[in-house]
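One structure is given here, and the rest of the page talks about it.
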Amino acid sequence: MTVFNSHNADNIEIRPRFKLISVRSNEEVLDKIEEALPKQKEVLGQRSKNHIFLRIPEKKQHYWSPFMEVVVDKYYDNEEMAYIRCILGPKQSIWVMLVFFYIFIGVLALFGGMYGLVKWNLGKETIFIWAFPVAFVLFGIIYGTAKYGQRKGRDQMLYLVSFLYHAIDDEKMERL
């Protein structure tokens with residue numbers, strides 16, 4: 001098994017992703033994860049077809065607690081093997097909020113900046129010319145906040161990944 005390293009200094013992703021290949025079948029992997037959930041109290045999970053959603057129990061959650069989505073399919077090269085795709089991120093409400101802020105600031109920068117550039121090209125003074133640099137700074141602040149949250153939830157994130165590896169319990173599992 002390979003070690004999961006979610007926090008490289010040069011890693012810019014907000015929602016880390018990784019893929020695994022198991023020699024077990026996809027149904028066997030899903031069943032193994034489902035069987036492991038009640039045996040411990042540190043991870044809660046819910047299965048919906050070939051998706052499993054893993055999270056930390058309410059009493060141990062904080063604002064930046066992670067959420068893990070695991071999708072298990074048949075591997076395209078060998079249908080007897082499982083192809084496991086995992087994505088880690090903040091709770092859905094926090095993720096939507098971050099995306100909303102990015103879109104809102106982007107739209108304001110686009111239209112405010114365009115208006116400012118038109119006025120500037122016409123030789124008129126305008127404060128809207130500052131829309132681009134202000135948006136750039138705000139994007140940086142939001143990104144920094146997201147990275148802070150990721151760092152704050154890192155231990156719980158690693159615990160979710162560790163649970164997944166131990167639940168599948170496949171010595172020959174390979175990370176793509």
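So which of VAL118, VAL161, VAL71, VAL99 ends up being more than 30 Å from PRO57 (Cβ to Cβ) and of a type outside the set (S, T, N, Q)?
Working: VAL161 fails: more than 30 Å from PRO57 (Cβ to Cβ); VAL71 fails: more than 30 Å from PRO57 (Cβ to Cβ); VAL99 fails: more than 30 Å from PRO57 (Cβ to Cβ).
VAL118 is the lone residue from the list that is more than 30 Å from PRO57 (Cβ to Cβ) and of a type outside the set (S, T, N, Q).
Restricting the first residue to the range 71-89 and requiring it to be in the same structural domain as GLY45 (by TED's automatic domain parsing) and without any contact (Cβ under 8 Å) to a residue 60 or more places away in the chain, which pairs with a second residue that is surrounded by 14 or more Cβ atoms within 10 Å (Cβ to Cβ) and part of a strand (DSSP E or B) meet a Cβ separation below 6 Å and a spacing of at least six or different chains?
Once the first residue is in the same structural domain as GLY45 (by TED's automatic domain parsing) and without any contact (Cβ under 8 Å) to a residue 60 or more places away in the chain and sits in the range 71-89, its partners that are surrounded by 14 or more Cβ atoms within 10 Å (Cβ to Cβ) and part of a strand (DSSP E or B) give VAL71/ARG85; VAL72/ALA82; VAL72/ILE84; ASP73/TYR83; TYR75/ILE21; TYR75/TYR83.
If you check ILE141 against the conditions, is it out of contact with any His (no Cβ under 9 Å at 6 or more places or on another chain) and closer than 27 Å to LYS41 by Cα?
On the way: out of contact with any His (no Cβ under 9 Å at 6 or more places or on another chain): yes; closer than 27 Å to LYS41 by Cα: no.
Taking the combined requirement at face value, the residue does not satisfy it.
Can you tell me which residue in the range 110-142 is farthest from GLU13 (Cα to Cα), limited to those that are in contact with a helix residue (DSSP H, G or I) (Cβ under 8 Å, 6 or more places away or on another chain) and outside any helix (DSSP H, G or I)?
If we take residues in the range 110-142 being in contact with a helix residue (DSSP H, G or I) (Cβ under 8 Å, 6 or more places away or on another chain) and outside any helix (DSSP H, G or I), then GLU125 is farthest from GLU13 (Cα to Cα).
The values are calculated or read from the model by the stated rules, or taken from the named source; none is laboratory data. This structure is a prediction, so every number in the text was calculated from the model and none was measured. Every residue, glycine among them, receives a Cβ derived from its backbone with ideal geometry; neighbour counts consider all protein chains shown.
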